[in-house]
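Right, one structure below, let's go through it.
Where a number appears in this text, it was derived from the coordinates with a stated rule and is not lab data. Quick caveat, the model's predicted, so the values are computed rather than measured. Cβ sites come from the backbone with ideal geometry, for glycine too, and all protein chains shown count toward neighbours.
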Amino acid sequence: MAKIQLKPHTVLCPVPAVMVSCGTPTGKHNIITIAWTGTVCSDPPMLTIAVRPTRHSYQLISETKEFVVNIPSRAMAETLDYCGLVSGRVADKFAERGLTALAGSQLQYAPLIAECPINLECHVEQELLLGSHVLFIARIVAVHADADIVDDKQHINYQQAQPIAYAGSNYYGLGDYLGRFGFSRQ
């Protein structure tokens, strides 16, 4: 099969589409949609998010050193998209989208989004200026999940959670189950 070489660009796909919530010491909250996020360490559990310094959420996260990665279900796709288009400088996204801000267990300012089936409380360990974006490297300090998507062994059923993937400026639902890690060696 023939290959065509393309110019280097951010074509890695799919990536998770998440809603990152953050807050201020005065109690104001914001949500930013992020598709540039990923797991970077399992022990301790850590992840990254990349945010442009011009974004309203950048300042909030940089000042408080905390945020929550909220994983929305496919039923929340329109809200996910909205939170990536409208600035928190001019809109209260929680109020406008009918979302509920819940206090987490480990953070002071950043709330969980109750309507998202999975929430990861994160404390910023490091910031790296990479060019157009700042990479926040954060420790996951608490994980919350809707009770109906967690089994008796504390495993999350991602088919039930219905996370959203992002690829080429498009949103997608989670595809068919293909197998559990290690199934090729059974």
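Remarks
- Residues in segment 62-72 carry Karplus couplings, in order, of 4, 6, 8, 6, 8, 6, 10, 8, 9, 9, x Hz; the curve used is 6.51 cos²θ - 1.76 cosθ + 1.60 with θ = phi - 60°, and Gly or Pro positions show x.
- Dividing the helix sum by the residues of the chain, where each DSSP H run of 4 or more adds -39500 (n - 2.57), gives a mean residue ellipticity at 222 nm of -3500 deg cm²/dmol.
- HN-Hα J in Hz across segment 3-12 - Karplus 6.51, -1.76, 1.60, θ = phi - 60°, x for Gly and Pro: 10, 10, 7, 10, 5, x, 7, 7, 9, 4
- Per-residue ³J(HN,Hα) for segment 124-138, Karplus 6.51 cos²θ - 1.76 cosθ + 1.60, θ = phi - 60°, Hz, x for Gly and Pro: 5, 9, 7, 10, 10, 7, 10, x, 6, 10, 9, 9, 8, 9, 9
- Residues whose amide H falls under 5 Å from that of Val134, counting only those 5 or more places apart or on a different chain, are Val51, Arg52, with hydrogens built in the peptide plane.
- Among Leu112, Leu120, Leu99: highest mean-square fluctuation, GNM of the chain, C-alpha pairs under 10 Å: Leu99
- Working note: Cα atoms of segment 86-153, range along each principal axis, descending, whole Å: 44, 32, 21.
- The trypsin sites (Lys or Arg not before Pro) found in segment 74-150 that occupy coil by DSSP, while having at most 13 further C-beta atoms within 10 Å, are Arg89.
- Counting every other Cβ atom within 10 Å of each residue's Cβ, Met1, Met19, Met76 order from fewest to most as Met1, Met76, Met19.
- Among Pro16, Pro72, Pro45: highest mean-square fluctuation, GNM of the chain, C-alpha pairs under 10 Å: Pro45
- Residues Asn157 and Val40, FRET efficiency given R0 of 30 Å [Cβ-Cβ distance, rounded to 0.05]: 0.80
- Reachable lysines, given that their alpha-carbon falls under 26 Å from the alpha-carbon of Lys28 and they are not under 8 places away in the same chain: Lys65, Lys93
- Reported to the nearest whole Å, the Cα centre-to-centre distance from segment 71-95 to segment 117-166 is 17.
- Least to most buried among Leu107, Leu174 (fewest other Cβ within 10 Å first): Leu174, Leu107
- Amide H to amide H, with H built 1.01 Å from N, Asn70 comes under 5 Å of Met19, Val20, Ser21, Leu120, counting only residues 5 or more places away or on other chains.
- Amide N of segment 6-36 lying under 20 Å from the label point, which is placed 7 angstrom from the Cα of Ala75 along Cα→Cβ: 17-20
- Loop-located chymotrypsin sites (Phe, Trp or Tyr not before Pro) across segment 132-186 with a Cβ neighbour count of 12 or fewer within 10 Å are Tyr177, Phe181, with loop assigned by DSSP.
- Least to most buried among Val11, Val134 (fewest other Cβ within 10 Å first): Val11, Val134
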